[in-house]
1. To the nearest 0.05, how large is the calculated FRET efficiency for residue 51 and residue 27 if R₀ is 30 Å and r is the Cβ-Cβ distance?
2. With Cβ to Cβ distances under 12 Å as the rule, what net charge do the other residues near residue 44 carry (K, R +1; D, E -1)?
3. Along its three principal axes, how long is the chain when you only count alpha carbons? Whole Å, largest extent first please.
4. How charged is the neighbourhood of residue 60? Take every other residue with its Cβ under 14 Å from the Cβ of residue 60, and add Lys/Arg as +1 and Asp/Glu as -1.
5. Leaving out ligands, DNA and RNA, and with a 1.4 Å probe, what % of the accessible surface on the chain is carbon or sulfur?
6. Between helix 49-62 and the chain, what is the angle of the helix's C-alpha long axis to the longest principal axis, kept within 0 to 90° and rounded to the nearest 10?
7. What does the accessible area per residue of the chain come to in Å², with a 1.4 Å probe and no ligands, DNA or RNA counted?
8. Only Cα pairs within less than 10 Å get springs; with that Gaussian network setup on the chain, which residue of 31, 18, 40 has the largest fluctuation?
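The values are calculated or read from the model by the stated rules, or taken from the named source; none is laboratory data. On a predicted model such as this, the values are computed, not experimentally measured, just so you know. Ideal geometry is used to build each Cβ from the backbone, glycine not excepted, and the neighbour counts take in all protein chains shown. All accessible areas refer to the heavy atoms of the entire protein, side chains included, with ligands and DNA or RNA removed. Shrake-Rupley method; radii C 1.70, N 1.55, O 1.52, S 1.80 Å.
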Amino acid sequence: MSDWIFAFFHLILLLGILAYAFYSLLQRNELRFGVIMAFLIGYYFLVLHKAVKREIERKRKKQP
């Protein structure tokens, strides 16, 4: 259950930050957009990438 809470919280948080980045882009603040996107990409690779790959592999092994 705690994994679902963690995943849901991060999904909502990441979507909110992504929306704010695009809002900044619409406000013609390309620097803020670039910084936010760079940090989101870094966060994905440093924190989430390993877990995503593990989940994909787990689902592949589950399929007949």
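1. It comes to 0.35.
2. In short, +2.
3. Result for the chain: principal-axis Cα extents of 49, 21, 20 Å.
4. On the way: positive: 53, 54, 58, 59, 61, 62; negative: 55, 57.
Here the count lands on +4.
5. Values: 4180 of 5880 Å².
Summing carbon and sulfur atoms, their accessible area is 71 percent of the total for the chain.
6. For helix 49-62, the angle is close to 30 degrees.
7. 92
8. 31
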